[in-house]
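Undergrad: Below you will find the structure I want to go over with you.
Nothing in this text is a laboratory measurement; each read-out follows from the coordinates by a stated rule. The model shown is predicted, which means the values in this text are computed figures rather than measured ones. Here the Cβ is made from the backbone with ideal geometry for all residues, glycine too, and neighbour counts use every protein chain on show.
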Amino acid sequence: MLPFQENPIFVVAMRTTITFSLILISYLLLGQTQSSYKLAVLKYNGGGDYYANPTALPNLVQFCNQNIGTQIAKEVPYVDAGSKDIFLYPFVHMTGHGNVVFSRAEVSNLRTYLLGGGFLHIDDNYGMDEYVRTEIKKIFPEHDLQELPSTHEIFSVKYKLNGLPKIHEHDGKRPQAFGIFHEERLVLLYTYETDLSDGWEDQRVHNDPDDKRQQALKMGANILYYVYTR
C-alpha cells in the first residue's frame with residue numbers, strides 16, 4: 001500500500017499557528033479513513049474562468065485510483081481562496097485562461113495553508129501567465145519561481161517521463177514546470193505552456209490523441225504521488 005494512502009483528510013485549521021502536522025495527529029486519533037481523502041479546485045476572483053476543465057481532476061482521480069492504487073474521493077469540490085475550508089484539502093488545483101486577483105486576506109490564507117503543509121498546483125490554461133505570476137509573488141515575496149529540470153524526481157517518481165509533456169501547442173514554446181520551495185519542500189507547482197489539465201479532460205472535449213492524454217494523466221499521477229510521499 002502506498003504511504004500516502006494512509007494519510008487522512010486534514011481538518012479545518014486556524015490561520016495562525018496550527019499546522020497540518022497537528023491536524024494529521026488529530027485525525028489519526030479520531031480514526032478517519034483513507035476513503036475520506038479529498039482534492040479540490042481553487043475558486044478565485046479577477047474574472048478568470050476558475051471553473052475551466054470540469055472533468056479534469058475527477059478523471060485524474062479515477063486514473064490514479066485505477067492505476068497506482070490510491071483511494072481518493074471521486075467528488076472534487078471548488079474551494080474559495082480565502083476560505084478556511086481550504087485546510088480540508090491537502091492538494092488544491094488551480095487553472096483558467098485569464099485574470100487572477102487575490103485579496104490581502106486571500107494571500108494570507110493561501111500562505112498559511114501552503115506553509116502549514118498544503119500544496120497548490122497551478123496549470124496555465126492559456127492566458128493566465130502574466131496575471132498569476134504577480135499573484136504568486138504576493139503570496140511568496142521572498143521566493144522566486146524556480147524551473148524544475150527534467151531530472152527532477154517529480155518527472156520519474158512513478159512514471160518515467162522526459163520532463164513535462166506538451167499537450168497543446170499554445171504559443172509553441174517549450175513546456176516548463178516552476179516551483180516554490182519552502183524549507184526544501186515543494187509547496188507550489190506552476191505548469192506553463194503544457195495545458196496539462198486539458199489532457200486530463202474527457203477525450204471528446206479536445207479530441208486529444210490517446211498518447212497525449214496518457215502523458216498528461218501520468219504526469220498528474222506523478223505530481224500527486226510526489227506530493228503525498230515526500
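Undergrad: For region 173-230, what is the Kirkwood hydrodynamic radius in Å, using each pair of distinct C-alpha atoms? Mind showing how you got there, number by number?
TA: Values: mean 1/r = 0.0796 Å⁻¹.
Result for region 173-230 stands at 12.6 Å.
Undergrad: Where both residues lie in region 10-229, what percent of DSSP beta bridges are antiparallel, nearest 5?
TA: 40 percent
Undergrad: Right, another one. Between Asn65 and Leu115, what FRET efficiency follows from the Cβ-Cβ distance if R0 is 30 Å, with the result rounded to 0.05?
TA: Once the sixth-power term is evaluated, E becomes 0.55.
Undergrad: Over the Cα atoms of region 10-229, compute the convex hull volume and normalise it per residue, giving Å³.
TA: It comes to 115 Å³ per residue, whole-number rounded.
Undergrad: Still on this structure, please answer the following. What FRET efficiency would be calculated for the residue pair Thr229, Lys138, taking the C-beta separation as r and a Förster radius of 35 Å, to the nearest 0.05?
TA: Values: r = 30 Å, r/R0 = 0.85.
According to the calculation, E is roughly 0.75.
Undergrad: Summing +1 for each Lys or Arg and -1 for each Asp or Glu, what net charge is found among the other residues whose Cβ lies under 11 Å from the Cβ of Val205?
TA: Values: positive: Arg204, Arg213; negative: Asp198, Glu201, Asp202, Asp208.
Net charge in that neighbourhood comes out at -2.
Undergrad: In region 10-229, what is the count of Lys pairs whose alpha carbons are under 12 Å apart, counting only pairs at least 8 residues apart or on separate chains?
TA: Working: Lys38/Lys74; Lys158/Lys218; Lys160/Lys218; Lys166/Lys212.
Number of lysine pairs found: 4.
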